[in-house]
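Here is the structure we will look at, set down as structure tokens.
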Amino acid sequence: MDLEKLQLSVESVFGKRIVNRPDCEDLSIAIFKKTKQLINYNTLRRFFRLAGKKNNSNVSKSSLDILAIYCDFQSYFDFCTQLGAIDSLGKLYKLQLVVIQQKSFTITVVEKYLSQLNKNEHLYSLMNFIVLLAFNRGDVAFLKQIFKIKRVFNGDDYFVAHLYFLIQTIGVQVQNHPQFSKELWKSWANEKHARFFYFELFVDMNNLINSHYIGIEYYLKHTTKHQDLIFAHSLIAWRYLMLGKIKNAKKEIAYIENIPLKENIHPIPIARLFNCKLLIEYMESGNMSFNLLEEISKYQKLFSTNTQPFFEHFITEGLAATNCIELALNFIHEANKKVQLNQNFYLNGSSERMKIIEAYCLMKHGNKKESKELIKKINLEDLDSISKEYDSIFYYAIDKSKNQDKDLLFIRKINYQKLYDLL
């Protein structure tokens, strides 16, 4: 089968069918002109099965390599490898045509389609395609069940790049179709994989104030785990602080005040909790207590052995907003060292946010030249899609004198004016 496809590929490059000895002679010349390697016309006759039954023996691997090189591959092995990818891509396109003809989806039918693809980028491409179709068609019944698709959500986590970006697609589609959000949140809040992948992996900070807090409240109704409680109550408290409702924020923090912050709790929820505590003190007194800053430093040391800079990446938001500039720069320095050792794709968005917060802190610290040099390296398009607007607030706060009202409309729209004013 591969030999037949190589025959077709050679004929395609040559520009005509190979049907006789003169064709083989002309092809031999064309191959030499292109590759500077010689294949005898008799070898080509055997390759195209034109030499008679007795003489149609298999050609050598070296000859197959030259033919593959003539077709712009590195070798016959490379041709066969890429041929598999081409066949798989063709299967993906055919499945997309089948999928687009479906008026609605069920988990069983989607599993059937996905089972026809290897678990690689083509499978996730088809799944992305199905997600987009389902949202655009308003197929809420299917979307409510989407995290039950075992072919996709079966124990893998965000370390799988294709799965990571699929979840971002789902998150962005919820943002783009707010009319479905409450119904989806209510369903997903009670489903294990949806809780992890949607609610915990990518918090919709862009819409936390105006709408996503409702999903977090649904999530909160279905958990008693310490980590989940810290995560959810801290986000709701952050929302209240952004609305200037300090008493409400303090009530949320009071619910989790006595939960022991142990090392087995993920560092991001702990960082979010401390961010709330920082803002409460700052908004009430304009200062930070020594005890709170000491406690933050203690937990930073606790997580220092964690090779991923999760704690540092998130605590700097609160430190920057409360004018703890030197401590923020210290944590950013530690985070950058970890990123240099562990350059993982899922850190790209938060690492870009770190550049922004570092440039902000340098500017506040009086290091304008360093800040401006760092600003040149910032690309807002590299921020995580689901929190790009929220993260951009720190960027626009670096030098407020350069901002125009039209540039800041989005801050008022998503209700983060309080954060911008603090910075």
Length gained, Asn190-Lys112, 0.36 nm per residue minus C-alpha separation, equals 25.5 nm
Rounded to the nearest 10 degrees, the helix 121-137 long axis (Cα) sits at an angle to the longest Cα principal axis of the chain of 60
Which of (i) 43, 35, 19; (ii) 56, 27, 19; (iii) 128, 33, 15 is the computed semi-axes √(5λ) of the Cα gyration tensor in Å? It is (ii)
Everything considered on the Cα gyration tensor (a ≥ b ≥ c; rounded for a/c under 1.5, else prolate if a/b is larger than b/c, else oblate), the stretch 278-423 must be described as oblate
Quick shape summary for the stretch 143-215, equivalent ellipsoid via Cα gyration tensor, semi-axes whole Å in descending order, reads 20, 13, 10
Cα-Cα longer than 24 Å, checked against Lys277/Lys377; Lys364/Lys413; Lys337/Lys364; Lys186/Lys406, kept in input order, equals Lys277/Lys377; Lys364/Lys413; Lys186/Lys406
Helix 226-242: inclination vs the chain longest Cα principal axis, degrees, rounded to 10, gives 70
Taking Cα atoms, the helix 310-321 axis meets the longest principal axis of the chain at an angle in degrees (rounded to 10) of 50
Note to self: with every protein chain in place and a 1.4 Å probe, the chain gives an accessible area per residue in Å² of 50
A correct Kirkwood calculation over the Cα atoms of the stretch 146-300 returns a hydrodynamic radius in Å of 16.6
On the formula 1/(1 + (r/R0)^6), with r taken between the Cβ atoms of Asn336 and Ser60 and R0 of 56 Å, the FRET efficiency rounded to 0.05 is 0.55
At 4 °C in a medium of viscosity 1.567 mPa s, the stretch 14-155 has a Stokes-Einstein diffusion coefficient, with Rh taken as the Kirkwood radius over alpha carbon pairs, in µm² per second, of 69
Low-density loop GluC sites (Glu not before Pro), the stretch 229-301, at most 12 other Cβ within 10 Å, DSSP non-H/G/I/E/B, are Glu257, Glu263
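The values are calculated or read from the model by the stated rules, or taken from the named source; none is laboratory data. The structure presented is a predicted model; accordingly, all values stated were derived computationally and were not measured. Here Cβ is always computed from backbone atoms with ideal geometry, including for glycine, and neighbour counts include all displayed protein chains. Remember, those area values only see protein heavy atoms, side chains included, never the ligands or the DNA or RNA. Shrake-Rupley method; radii C 1.70, N 1.55, O 1.52, S 1.80 Å.
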